[in-house]
Structures are given as C-alpha cells and as structure tokens.
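For reference, the structure is listed below as structure tokens.
Taken together, the values in this text are just the output of simple stated rules run on the coordinates, not laboratory data. Since this is a predicted model, take the numbers as computed values, not measurements. Note: ideal-geometry Cβ built from the backbone for every residue, glycine included; neighbour counts use all protein chains shown.
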Amino acid sequence: MDTKYAIGLGNNDVLTRKRAKEDYVKFWDEQANNLHWFEKWSKTLEWNPPFAKWFVNGKINASYNALDVTSQKNGKKTAILWEGEDGKKRSLTYQELLSYVCQVANTLKSLGVKKGDRVTVYLPMIPELVVSLLACARIGAIHTVIFSGFSSQSIRDRVSDSKSKVIITADGGFRRGAIVKLKQVVDEAISGLDFVEHVLVYEHTKIPISMGKKDKKWTDLVSGASEHCEPEKLDSTHPLYILYTSGTTGKPKGVLHGTGGYLVHLYSTFQWIFDIKESDIYFCTADIGWVTGHSYVVYGPLLHGTTQVMYEGTLVYPTPARIWEIIERYKVTILYTTPTALRMFMKYGDDLPNSKNLSSLRLLGTVGEPINPEVWKWYFRVIGKEKCPIIDTWWQTETGGALISPVPGLETIPLKPGSATRELPGINVAVVDDHGIELPPEKKGYLVVKTPWPGMLLSLWNDDEKYKTVYWSKYKDVYYPGDYAIRDKDGYFWMLGRADDVLKVAGHRLGTAEIESGFVSHKSVAEAAVCGIPHEVKGESIIAFLVLKEGITPSKQLESELIQHIRKVVGPIATPDQLYVVSKLPKTRSGKIMRRLLKSVANNEKIGDISTLEDEAAVDEVRNAFSELQKAIQESKVK
Ligand code: ATP
Ligand code: MG
C-alpha cells in the first residue's frame, strides 16, 4: 500500500467502528442522542422493505437543531460569511439567522402555508436560500429547491410534480457578471398553474420586475414579521424535502427525505468526515440546488454550529483565481468541491493557486463523480501542499449523506488517490454480481447497500412504485445505487462509473472511469468521456471524447500516443476504436458528464431528457466531431 498519502489527524477511535459492526441499529440509536428531540423515539428502526422508518415516534425539528441549539450556547458565533460575485459581503451570526428564519416562517404561515405543504425555492446562493429552507423546516412545510440555473420548463415540470403552494424566488441572481432574471423565469414557469397561490420575491439585484396578483415582496412581509416562531414538533419521519436528482442517467427523480434519520446521518457524517472543530472555516462550493448543498451546506454544518463561507456566482469569475482568493480572504480550513471543478482549476495551471496563501487549509473534500487519480494528486500536491488529507465522499441524492469516505474525524488510514476508501461506520455496503452474490476482492461488480441507513430516502415523491423499481427490484431487500465498483484487497472501494454505462468489450467489462482516468493521466488531456457502440466481433467498441489541455493541438501523432498510453495504463482491451477531440463535454448543470448523450449521438439514437443539460452547444459539438470523423472513415473506406 502506498503510505505516501497517510495523512493523519491523530484520531484513532477504534471503538466507533467496533460498536457499529456489532449492531448497526443500536449504533445509530446512540448517534441519535447527539441531537435535540422534543420527545424520544420508541423504536429505532422499523424496516418493512423497501420502506424504512427511523426513530419512530420521536419528535424533532430540523431548524431547532440547526439554529436554536447553537444560538442558546453561543448566539454570536458566525454562521455564514457570504460573498457575492460582485464582491458584496454579508455576515450572519447564529442568533441573527434564527431571528430571520422565524420571520420568514411567520411570513409563510401568514400566506397560509401549513405542515406538509410544499414550498418551491428558486433562489441564487444567498443567505435567503438557507433561511427559506429552515423557515419551511420550522413549520413542517416540505421544501423543494430548484437550482437557479434551470429554465422555466424545468421549473414547471418540477412544480407541477410537487404541487407547491408557494414559490420563493428573487428578482435575479449574478452569474458570470450577468444578471439572471429569476422572477421572469418563474412567471413563465407557473403561468396557468392555479395551485400556486403566492410568489414571494426577494429583491437581490434590484432590477425592475413586474408584480402580478400572486406576487408579494419579501421585504414588505418579512421585515414586519415576528422574530419568534415556535418550532413544530414533527414526527421523525415527517418529510423534510423533495429534491430532484441531477438527471445524469435519465429524467430527474423526486427524492423524498425525512427529518430525524436524515439529521442523525448528517450530524454524524459531518463530524467524522470533516473532523469538524469549533474554529474551522468551512467552504463547500456546491450550490444548494443540489443535494450536497442541502446536506453539507445547510444541515450538516449548521447542526454543528460551524462557520462557513457561502459564495454566489462562478468560482472562476471575474478571474480564474477567484476561488483561491476566497480561501485566502476567509482563511478557509476545509474545502469541499467536485472533480469537475478541480479539472477546470487544473486547466488554468499551478501558478494561480501558488500565488495565493492557502496555508489555512487542513482538509480537502470531493464529491459528485469518481475523481481521476491524476486530479486527486494535483489537489493533494498543489492545493493541499501535501499536508491535507483528500476526503473522497461517495453518496447520492437518495442516500442523503455520505456512505463511503475516509473519516479523519475517527481514524487515520492511508489514502489511495482515486479511492473513496471504506464505508462509514453503521453502513453496510458490498460489491455483488448480477445475482447478488458478494464478490471477492478485486472483482468488478455492482455496489449495493445491504441494510437501511438513517439518511435513506423515504421514497420518490408520489411514486412508491418507481421507488421500488429503480432501487429495489434488481436485488431483493438490498438497495441498488446503480454504480459499478470494485473493492481491493485492503477493503477500499473504487468507483468505476455508472452501471448503465459499463462497456462490454470482448467479454470484459470496463467501467467508464477506468478508461477515462487512463486518458486524464496523459499530460495532454484535461477531460475524457467514453462510451460504447455495438461491434460485430467485440460486442462493443470504445469511443472516446477528449478535451485537451490549453495549448495542445490534436494531431495523428498525439492520437497514436494516446492509444499507446491507454494500452499501457489500462490494458490493450481498453484500446478505443475512435477518438474525438472536442472543446467541451455535455454536462449536467451540476457539472457531471452526461455519457448517455454521447451514447445517443454515437448510436444515432434519439436524445432523452435534457432538462438538466448545462449547455446544449456541447452536444452539437460532440455530434459534429462525430459525424466529421465518420465521414472521414467512410471516405477512406471508399478509397
Ligand atoms: P440521476 O440519478 O438523476 O441520473 P445523479 O446520479 O448524477 O443523477 P446525484 O444523486 O447527484 O444524481 O449523484 C449521485 C451519483 O454521483 C452516484 O450514484 C455516483 O455515480 C456519483 N458519485 C457521487 N459521488 C461520487 C464519488 N465520490 N465517487 C464516484 N462517484 C460519485
Ligand atoms: Mg443517480
């Protein structure tokens, strides 16, 4: 094992894992005592597969645990250090946040919002977004956040599904120096949707907006509202939110999360993963529009009374050094970001991060996609200066919180670039074959979760049937996340890509991440995406789409060099039949590569749901590159 990356924090709590192994239900029961409950639960877990109820009959409130608990101890502690893309700054203490949340909660009540009602939140990354979520949680309304980059049709689809009574939005938001007119998008989205009773508009950019019958200005209602609002004593299983998945593999699913179990999961995992300390300045770059923002911007950090940096806008605007400036300015100690963002930062070179003082950093996290080992090493060397552990966290919208990750808050283990290491205490995962039989180490298969966990989704909103089919029909009473993986001899997990995208070449199965990371380890390649097309002899042949690093031009020589490189680092079986150079890859708005679109283009099929696609031009580019090369191949055959 490569011990070069054994960056320890000195924690060595062997008991936690031992207790979790002995009895996972009892273990989570103990963890639940870290939270404030109005009434204690009578049963830790009620498991009627595939439906799990955690902390049955317990009464709890998410906003109380996120705000009141710290406010009572240390109300002056800073909760949010906010920075706008235009440089504006705001700071809110726990006490201020609590008063603000109560005002918004009372406003929602005055608009007729009751326990169980849905409230759609379509806001940029401003403190009001956090406030809106917690205000819903305070009164037992179910929040459903829509990422503020979505178009009106995507909002319409989601609002129609959740039947939200109220929509909270802003006049606009800042992105790459421009103003996105959010209110206008909402107007288009909800025209004719009678069940939407009110639209509450926060004036953030101060651009002119038209106000209709349903529209209410935030300041008009909120400023005068009382700063006190009793938290609803909610059942542990009361729904906290609906959140639509990233849509990487298909149409987004309305994931429904509960309260008690979800909070327990977040309290514990936030502690273990980030080894959180009173003095930390935490910065997660995820937008609250995605689950990482829900779990590790809103609930996880606030449950711990953490101070965090929140940033609106693009991390590379107005210059690519923006993210490093933020870290330097606020003396950030923990950074949590995504492989896609890291690949982008890497493209700009080492000089930018090297020119800033990043010495405050002590821990670095990643989430969202498999991290290429090359990118991991860059993060470790250039950003962490070889002193910060890299915490690769594997999880999903559905899992609520991390399930596989290093846990420096508990133990020190050697890290391996590209591996999310081991399952968290209280989590039982395995790699199995098509029949559900657990595979020995080093054998590729499907990742499964064998027992329920507290952050587990309750169901899909209004669609128990789909919930059963998507996650519980492949294996009996075992959760199927849809990821392909391998566990090595040391018990470390390596995520190989989506199960749907697995390539079958001449009897061998290859995960997309294996080949893509092979490409990314070449000095000329910034990003790679691969997919398969049917092949008469091999079953499937591999085609690869590559984004080259700045200043590299494609050539026949580079192509053969890349093919040789893949043969060497992955193996001859991974030799791609076709290589395409593109300037961008199709990605979801959360930054994940949408391989299903590449597959559709390559197989000349109709493209499915693209509501979560970031930039349609990327698909056109892939299509053009593909058809040009196809033409060239055809022509050379004719000759
Ligand atoms: P959809 O389910 O709608 O297709 P999605 O799966 O991208 O979208 P998310 O819930 O945002 O929606 O993402 C979860 C998925 O992201 C995981 O199933 C996994 O494929 C990938 N993922 C997340 N974190 C990691 C990680 N650390 N390593 C490898 N893959 C990861
Ligand atoms: Mg998914």
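For this structure, a couple of remarks:
- Rounded to the nearest 20 debye, dipole of the chain from Cβ charges on Lys, Arg, Asp, Glu: 280 debye
- Within the chain, C136, C284, C388, C531 have no other Cys Cβ under 4.7 Å of their Cβ and so lack a disulfide-compatible partner by this rule.
- Taking each residue as 0.36 nm, the span from R381 to Y348 lengthens on full extension beyond its C-alpha to C-alpha distance by 10.3 nm.
- Debye, to nearest 20: dipole size of segment 502-634, +1 on Lys, Arg Cβ, -1 on Asp, Glu Cβ: 300 debye
- As computed over the chain, the Cα convex hull volume per residue (Å³): 154 Å³
- In segment 66-153, the trypsin sites (Lys or Arg not before Pro) that fall in loop regions by DSSP, at most 10 other Cβ within 10 Å: K76
- Of the GluC sites (Glu not before Pro) found in segment 93-201, those in coil by DSSP whose Cβ has at most 15 other Cβ atoms within 10 Å are E197.
- The distance linking segment 19-43 with segment 594-609 is 45 Å (Cα centroid to Cα centroid, whole angstrom).
- Ordering 455-466, 234-245, 614-625 by mean Cβ neighbour count within 10 Å, with the highest value first, yields 234-245, 455-466, 614-625.
- Each residue of segment 338-441 gets 130 Å³ once the volume of the Cα convex hull is shared out per residue.
- Bridges between two residues of the chain, per DSSP, are antiparallel at a rate of about 55%.
- Taken along its principal axes, the alpha carbon cloud of segment 502-634 reaches lengths of 38, 37, 32 Å, longest axis first.
- Inter-part distance where segment 234-296 and segment 434-503 are each reduced to a Cα centre, Å: 19 Å
- Pairs of Cα atoms farther than 16 Å apart, segment 116-208, %: 49 percent
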